[in-house]
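The values are calculated or read from the model by the stated rules, or taken from the named source; none is laboratory data. Worth saying up front: this structure is predicted, and the values here are computed from it rather than measured. With ideal geometry, Cβ positions are generated from the backbone for all residues, glycine too; neighbour counts draw on all protein chains shown.
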Amino acid sequence: MTTTTERPPAAEVEKAARIKPKRRITGGGILHAWTWVIIAWLVLPILVMILFGFNDTPGRYNQTWVGFTFKWYGRLFEYPDLTSALVTSLVIAVVASLLSGALGTGIGYALGRYRFRGSGSLNLIMFATMSSPELIMGASLLSLFVSAGAGLGPVTITIAHVMFSISFVAVVVRARVMTLDRSIEEAAADLGASPWTTFWKVTFPIILPAVFSGVLLAFALSIDDFIVTAFTAGTTKTFPLWIWGATRVGLPPQVNVMGTLIFAVGVFFALAANIRSSSKSKRD
Amino acid sequence: MNRVKNKIAPYLLVLPGGLWLLIFFAVPMVAMLSLSLQEGDIVNGYRFTGHWQTYTEAISNYDTQIIRSLIYGAVATLILIVLAFPVAYWIAFYGGKRKATYLFLVLLPFFVSFVLRTISWRQILTDEGPLLHPLREAGLISQSFHILGTPTAVILGLVYNFLPFMVLPIYVALERIDPRVVEAARDLYANPATTFRKVIFPLALPGVFAGVLMTFVPASSDYVNSEVLGSSETTMIGQVIQAQFLENSDYPTASALSFVLMLVLLIGVFTYARILGTEDVMKVAAR
């Protein structure tokens, strides 16, 4: 709109402004309610899981509500094999997320910074790992391990987890590297810093938050994974595999408590990362 | 000197991760193809014989499960579009400052293990559970009414578990729409329905496409939902593959079935991409 066009009288503008949001609210009202219905539906089974961690059930059979108790939180480690499955899951998740963090950062940095031959095929294989069904990835890895005569266990699980996490880390890091202001690096070079120093003192600290969220994502993918893990575990039990095996004999309330704790820790980290990044963007 | 360094640098950075993907993603596919053409058993070992009959036998034995899986996946995907689109639309256009909060709420299920979430649904849907028990007591449903063990339960589980994968890509597509385009449509006297049909929906299509890709593929190859919520009447191909691999150790049949499933899904995805236009696929792939 140019300044020379006739402006409508102020009263009319005000009227229009008053009418417009009103129309949006009626249209948006149904959508708003719908969104909350869907969110409630999404949260329902989580609430059931948390609730049954407080169920005063007499034994391993935790299907009907008996009464409220805190005792399962005190007796969390009553099933040694459940505890060791949880520990196995945690160890694998730590190793796999750190490894895929390192490998994925390399790929993400290269893709965000350089143009090089083969980047197209690399993008394609990354896209394939992110969109392939887990069942196929698990089945093909098992085929490889069977053909190679490799024993299945924590190592093969970790290999598999690193494989499907690398691309996610790379995508997150690539996005950060692409938006990076290169003049800062040039300034460092102008001040006599070697490329090595520039990378570690300037570039790396800038992309570190992206690396960190990539590692967190990889950790979440790993600790949660069931299908690929089932194919590469052999007799090793991770937390989800233990639950799967125990469903037929009944899941003790400790499973709900551990699920609740993992949920709480995950939400905490996600919120902390979110608050940190939003306060940072305000400062920028 | 620096230029030479810049030429090798990307390859050095990519090498470890790239090799990992090559050895543990690409090579296994070849290993699986090879295994499917071998004969033998777990005790005496396998030998490559090019025995392609495994494929015809596997397909004729399990065609019901393959077709059922594709139908469940397709039905779940259609329901997902209907459920997720309004949510993504509302968050993108009315979310205001709380967009991130709403997206976070939609993603909450991902903080609970997939298996545990599905088992939680079984607890809700069981005959003596909090949903059916009161309804039966009140005489609203008959004694023989069940949800668990039916296709409904399995599809409900699939829809539940993959919902965030449909909301997110549609949201991203809607979020990118320039508000001025929508305003222009209104200025040209398009009513809200026409604006939606002619402007917003076409621009959201790449997101819907990505969502379909991200839900149909895992849903039709899933075996957790039908195992936990279904019965022998709802067996999906994923369960067959899992059992052949991990319980019966019939590796050739299992590999052949996996390969068939992969091919069917790939053909499905590419046909679908063809109908929608390849440009969208490239956009999705580039993301």
Output the residue which, of all residues in segment A:130-164 that are within 17 Å of A:T235 (Cβ to Cβ) and part of a loop (DSSP other than H, G, I, E, B), is nearest to the chain's Cα centre (by Cα).
A:G153
Residues being in a helix (DSSP H, G or I) and under 15 Å from the mean Cα position of the chain (by Cα): count how many of those fall in segment A:206-229.
16
Kindly provide the set of residues from segment B:34-72 that are more than 23 Å from the chain's Cα centre (by Cα) and aliphatic (A, V, I, L, M), ordered by number.
B:L35, B:L37, B:I42, B:V43, B:A58
Conditions (1) in contact (Cβ under 8 Å) with a residue 12 or more places away in the chain; (2) among the hydroxyl-bearing types (S, T, Y); (3) within 12 Å of chain B (Cβ to nearest Cβ) -> A:S84 fails only (3)
Boolean, B:V181 is within 30 Å of B:P192 (Cβ to Cβ) and either free of Cβ contacts under 8 Å to residues at least 12 places away in the same chain or over 23 Å from the mean Cα position of the chain (by Cα) (or both):
yes
When (1) over 25 Å from B:G211 (Cβ atoms); (2) crowded, with 18+ Cβ neighbours inside 10 Å are applied to B:N61, the one that fails is (2)
With the requirement that a residue be over 24 Å from B:P252 (Cβ atoms), modelled with pLDDT of 95 or more and facing chain B (nearest Cβ under 7 Å), what does segment A:129-162 give you?
A:V162
Candidate set: segment B:212-244, residues that are in a helix (DSSP H, G or I) and free of Cβ contacts under 8 Å to residues at least 40 places away in the same chain; chosen: the one farthest from the other protein chains (Cβ to nearest Cβ):
B:S232
With surrounded by fewer than 16 Cβ atoms within 10 Å (Cβ to Cβ) and either without any contact (Cβ under 8 Å) to a residue 24 or more places away in the chain or more than 12 Å from chain A (Cβ to nearest Cβ) (or both) as the only criterion, which of B:L21, B:L78 stands out?
B:L78
Within segment B:87-102, how many residues are assigned to a helix (DSSP H, G or I) and buried (at least 18 other Cβ atoms within 10 Å of the Cβ)?
9
Within the set of pairs 6 or more residues apart or between chains, which connect a residue that is part of a helix (DSSP H, G or I) inside segment A:165-177 to a residue that is charged (D, E, K, R) with Cβ atoms less than 8 Å apart?
A:V177/A:R113
